[in-house]
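Data first, discussion second: the structure below is written as structure tokens.
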Amino acid sequence: MSSAPHDRLLIIDFGSQVTQLIARRLRELSVYCEIHPYQSVTDTFIEDFAPKAIIFSGGPCSVIDEGSPRPPANVYDLGIPILGICYGQQVMMQMLGGRVERGHGTAEFGRAYVTPGDTSLDVLDGWFGEGDEQVWMSHGDHVADIAPGFQVYGTSPNAPYAITADTERNFYAVQFHPEVHHTPKGAKLYENFVRLAGFSGDWTMASYREEAVQRIKEQVGDAKVICALSGGVDSSVAAALIHEAIGEQLTCVFVDHGLLRLNEADEVVTMFRDHMNLSVIHAEEQELFLGELDGVSDPETKRKIIGKLFIDVFQKYADQIEGAAFLAQGTLYPDVIESVSFSGGPSVTIKSHHNVGGLPEKMGLKLVEPLRELFKDEVRALGRELGLPAHFIGRHPFPGPGLAIRCPGEITREKLDILRKADAVYIDQIRKHGLYDEIWQAFAAILPVRTVGVMGDGRTYDYSCALRAVTSVDGMTADYYPFSHEFLGETATRIINEVQGINRVFYDVTSKPPGTIEME
Ligand code: XMP
């Protein structure tokens, strides 16, 4: 838990798919909040956390069922505002003396319209416009009787108690989800709620930077820290922040596995070493990685080889740094939120992702994770605050195994060189057309087939490349980016003219699922 000296809001998670969005909406209002699963929220937990307000999330259970999730009963005696969302509304009603009924034809999923009640309500200031307001519903059960002290402020066809409140006690409860995009005025409801709860909006990146620097100094003391710098946004921002806190006590190791993009290693090392004065070890291990990958074509085997070598190499260089006691990691908040799992079972491994997990224990290092409280876009904001260049902060994600998974089949140096050039032309095209920031991730891949072409008066027999560009929010699902035919035609011409070794270009129009973003 954070020791940030901010007004704090506690979100009790009952397992909704969209609980993280509540936190996003609040952070956008400069309110510091944390999500905790209902099982870990005990009386003492709440006392330590000292929230200024609490939000109950939605969730998949039915409050009517025996043993269904509950907040601790004394939350209602804390004298602080509470907002219940969907399941959160139902649990509040049930615990305070109201009644919840099962669906029986009154379930609502998707868009619904809420009609205002007769009385105005402070959390609804500026909410209802001309008439009914669109909201997003997702409930099977519904509140049949509201608890004593509550009044109704909005109804929908299947949720007579769409908006309810006990204004004496500052308890608010809504059946819909104000955190999702399809409740267009949802953010306004959160804004009103935190305003009436007295939040001052003191969670800013400037203050976060100062406090984080302080915390790092306290945690590390005069020990040394090592950081695996990948050049990605997370490790870069973490390194810049830690460097601000402890200067030369930080050493970064940049592992060059020979699977990086055109000029990438030079750009990263120059930026951090020469412009930002960080101590960076450029681990040039191309021979090692490409040697071990020689002749390997199975995707999972490639990933395993790279993951293992990465750890070995990192360890080798880290061992040279005398007195290193900490390992820095760019872990983000979505990775640490303990999710409420009702399914229990392990999910299927689609691809084994490559990271340095397990290293700290193996090397006896403690962790410094200064981004643990931040979402991705907050990390970008912090990066800007720390003076990292905008084009760097806004870069598309790049996978740990690098070009290896964009080169299906056997990896050769020749193919990697061709791929690097094709990718550079493609990204240059995207930037020139002003599309880079609209796309979540774009890259070229080299296909393991040669086809016949004709250039000038001669026959060619060269490789093909596939171009990929997707829109996505988190990489979990994705859709292909709808480039114009002109753009695709122009890009294909440029690649074939400028990159020797490619005579055919394909555009990948597969979404995820069923495809994945990377080729392997
Ligand atoms: P897939 O191909 O699984 O990719 O749809 C989803 C996102 O994850 C990235 N990715 C990785 N990132 N290590 C990483 O750090 C990996 O091993 C890895 N594999 C895929 C991919 O680039 C996309 O953004």
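Overview of values
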quantity: Estimated FRET transfer efficiency when R0 is 51 angstrom, pair Val336-Tyr461 (beta carbons, to 0.05); calculated: 0.50
quantity: Amide H contacts under 5 Å for Cys33, placed H, 5+ residues apart; calculated: Leu9
quantity: Hz values of 3J(HN,Hα) by residue in segment 465-474 - Karplus curve (6.51, -1.76, 1.60), Gly and Pro given as x; calculated: 10, 10, 9, 10, 8, 10, 9, 6, 9, 9
quantity: Amide H within-cut-off set for Tyr153, under 5 Å, with H built and near neighbours excluded; calculated: Ile163, Thr164, Ala165
quantity: Label-point separation in nm, Thr301 to Asp222, each point 7 Å along Cα→Cβ; calculated: 5.2 nm
quantity: Heavy-atom accessible area ranking, 1.4 Å probe, most first, across Ser138, Ser16; calculated: Ser138, Ser16
quantity: Difference of contour (0.36 nm per residue) and Cα-Cα distance, Val452 to Asp508; calculated: 18.1 nm
quantity: Helix-only [θ]222 nm of the chain, DSSP H runs n ≥ 4, -39500 (n - 2.57) each, per residue, nearest 500; calculated: -9000 deg cm²/dmol
quantity: Cβ-based charge dipole, the chain, positive-most Cα from Gly400, Met137, His257; calculated: His257
quantity: Stretch gain in nm, segment Lys316-Glu361, where the contour uses 0.36 nm per residue and the Cα spacing is subtracted; calculated: 14.7 nm
quantity: Calculated FRET value between Ala325 and Glu248, using beta carbons and R₀ = 25 Å, to 0.05; calculated: 0.95
quantity: Hypothetical label at Leu196: residues of segment 70-112 whose amide nitrogen lies under 11 Å (7 Å Cα-Cβ projection); calculated: 81-83
quantity: 30 Å Cα-Cα reach of Lys366 towards lysines, excluding residues that sit fewer than 8 places from it in its own chain; calculated: Lys217, Lys224, Lys302, Lys304, Lys308, Lys316, Lys351, Lys376
quantity: Qualifying lysines (Cα of each under 22 Å from Cα of Lys52; at least 8 residues distant if same chain); calculated: Lys188
quantity: Cβ-derived FRET efficiency at R0 30 Å, His391 paired with Leu288, nearest 0.05; calculated: 0.45
quantity: Percent accessible area from carbon and sulfur atoms, the chain, protein chains only, probe 1.4 Å; calculated: 49 percent
quantity: Global form of segment 93-165, assessed from the alpha-carbon gyration tensor, a/c cut-off 1.5; calculated: oblate
quantity: 16 Å reach of a label modelled at Arg431, 7 Å along Cα-to-Cβ, counting backbone N of segment 384-411; calculated: 389-398
quantity: For the chain, accessible area per residue (1.4 Å probe, heavy atoms of protein chains only), Å²; calculated: 44 Å²
quantity: Estimated vicinal HN-Hα couplings, Hz - segment 159-173 in sequence order (Karplus 6.51, -1.76, 1.60; Gly, Pro = x); calculated: 9, x, 10, 5, 10, 9, 7, 10, 6, 4, 9, 6, 9, 10, 8
quantity: Segment Lys185-Asp122, length gained on full extension (0.36 nm per residue, minus Cα span); calculated: 21.2 nm
quantity: Estimated inter-spin distance, Glu490 and Met476, nm [label 7 Å along Cα→Cβ]; calculated: 3.7 nm
quantity: Phi to ³J(HN,Hα) by Karplus 6.51 cos²θ - 1.76 cosθ + 1.60 over segment 441-451, Hz, x for Gly, Pro; calculated: 7, 9, 6, 9, 10, 9, 8, x, 10, 10, 10
quantity: 5 angstrom amide H check on Phe176, placed H, neighbours 5+ away; calculated: Cys86
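The values are calculated or read from the model by the stated rules, or taken from the named source; none is laboratory data. Just so it is clear, the structure is predicted and the values come from calculations on it, not from any experiment. So basically every Cβ, Gly included, is an ideal-geometry build from the backbone, and we count neighbours across all protein chains shown. Just so you know, the surface numbers come from the protein's heavy atoms only, side chains and all, with ligands and any DNA or RNA stripped out. Shrake-Rupley method; radii C 1.70, N 1.55, O 1.52, S 1.80 Å.
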